[in-house]
1. What do you reckon, how do 14, 507 stack up by accessible area (1.4 Å probe), largest on top?
2. Where does the charge balance sit around residue 291 when Lys and Arg score +1, Asp and Glu -1, over other residues with C-beta under 14 Å from its C-beta?
3. Specify which residue in the list 36, 470, 336 is farthest towards the positive end of the charge dipole of the chain, using unit charges on the beta carbon of Lys, Arg (+1) and Asp, Glu (-1), about the Cα centre.
4. Kirkwood Rh, Cα Rg: Rg to Rh for segment 290-339?
5. Over the Cα atoms of segment 395-437, what radius of gyration and what Dmax do you get, in Å?
6. What are the extents of the Cα atoms of segment 400-504 along their three principal axes, in Å, largest first?
7. Count the net charge of all other residues whose Cβ sits under 13 Å from the Cβ of residue 372, scoring Lys and Arg as +1 and Asp and Glu as -1.
8. Between residue 469 and residue 497, what FRET efficiency comes out of the Förster formula 1/(1 + (r/R0)^6) with R0 = 45 Å and r the beta carbon distance, rounded to 0.05?
Amino acid sequence: MTSTQQRAELQRRIWQIANDVRGAVDGWDFKQYVLGTLFYRFISENFASYIEGGDDSVNYAELADSVITPDIKDDAIKTKGYFIYPSQLFATIAASANTNESLNTDLAATFAAIEASANGYPSEQDIKGLFADFDTTSNRLGNTVKDKNLRLAAVLKGVAELDFADFEGSTIDLFGDAYEFLISNYAANAGKSGGEFFTPQHVSKLIAQLAMHKQTSVNKIYDPACGSGSLLLQAKKHFDAHIIEEGFFGQEINHTTYNLARMNMFLHNINYDKFNVQLGNTLIEPHFGDDKPFDAIVSNPPYSVKWIGSDDPTLINDERFAPAGVLAPKSKADFAFVLHALSYLSSKGRAAIVCFPGIFYRGGAEQKIRQYLVDNNYVESVISLAPNLFYGTTIAVTILVLSKHKTDTTTQFIDAGALFKKETNTNILLDTQIDQIMSVFDSKANVEHFAQSVSFEKVAANDYNLSVSSYVEAKDNRAVVDIAQLNAELRTTVAKIDQLRKDIDAIVAEIEGEELEA
């Protein structure tokens, strides 16, 4: 098999395991057990490989815990961020899982020990609570300890049987790919909530390229509503790692999703000292104020969620919102996320933000914020996408690209609504279609029915409306009708009908005449 076929087979198998093992448990509720087990296997094998250091004579899993010296443990935690004793390795636990009557409590103790190993070290906050959602006592696993252990053993066995060994030299990527494949499938099957923690890879690829366009290096990349980290990881996947100098930063409000994001970083071989993901409400409890500015910002924040807004009178003086002179509406926080991102953006960087289309034409506070953005020349491009590209919503969303280093005062509008490939349940963007968008984004060329660069004066005269449809004329796909030709065809058709009627009348008359003679 080719590597592509092998990867497809691995993905088919892991999804089969995820469905078979969960039984009657809802897939969304069960996801943390499959994802957590995959993560547990990865960090175990990754840690064992680090300790063995390429020495074939050393098998870490076969060592006794007692041979581990304090110095070995200390050095390992400083490097890897955590420590796992041989008896705590995934392979060790999985080997006896079917006969271990205390499996659920043993697992809980193992996870607690791995997390506690980082206490007092720089990695403490990156490791703390990673397994919090892997609740081995939950009734979702079964009503009795025996039932819980049977299901946990089945998950461990299924993940243990996944064959990563055929992918010599690319195990890390495959673990990460398998994890991301699982997350995307859970998101696709989760309804509206799925889109809140995962941005499809094909859209993530476009957003990452927009944010990092023509930057040979960026100091760091940031997502203020990072979900499971999919947007940040696309930046790593499609650009050489060395150009993201200080790593990956993100904030997430949902605790379970926050844990998924941190696991996702480890699974894509981003060490604890190269990422910083924090838990909390970005709009009212923002992190990373001391780490800004960021050269690249990517984000797919929740659409039109409520926030405290004007109910907190201190926010109008917040350095993120004060320059606009107005707060985003309490019922629609979209522009609050936009202004937050702009505040964290460096003078050389770009922010690419997925937005609900209504914010680009509605009046009131949103119009005033648009005016602030346009008057200060921060809006580089507004790109409308095809509908049904995201999980949990069929709307045609818009990407807003912000920049603080524009060389002119025009704003580019791109209508990419016709660029998609229809899949079974959703649409996708092909690589060639992403290239088409990036090409016109780079050139800023005017392309009929596709892209227009519009002067500041025209946008201002249009009440700062930033809807793509206001500036890019949609292509008329209606067929051109030649009226003269159509009339001629109608006359011919009418004449044929008249002749047919005459022929039928003649046949009827002939039949009636024969009957009378008879």
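The values are calculated or read from the model by the stated rules, or taken from the named source; none is laboratory data. What you see is a predicted model; the values in this text were computed from it and never measured. Glycine also receives a Cβ, built like all others from the backbone with ideal geometry; neighbour counts cover every protein chain displayed. Remember, those area values only see protein heavy atoms, side chains included, never the ligands or the DNA or RNA. Shrake-Rupley method; radii C 1.70, N 1.55, O 1.52, S 1.80 Å.
1. Values: 14 5, 507 100 Å².
I get 507, 14, largest accessible area first.
2. Numbers: positive: 220, 274, 292; negative: 223, 245, 246, 273, 290, 295.
Neighbourhood net charge equals -3.
3. Farthest along the dipole direction, towards plus: 336.
4. Numbers: Rg = 11.7 Å, Rh = 11.8 Å.
My calculation puts Rg/Rh at 0.99.
5. Final numbers for Rg and Dmax: 13.7, 43 Å.
6. 79, 39, 22
7. Numbers: positive: 320, 368, 370; negative: 366, 375.
With Lys, Arg at +1 and Asp, Glu at -1, the net is +1.
8. Numbers: r = 45 Å, r/R0 = 0.99.
The formula returns an efficiency of 0.50 here.
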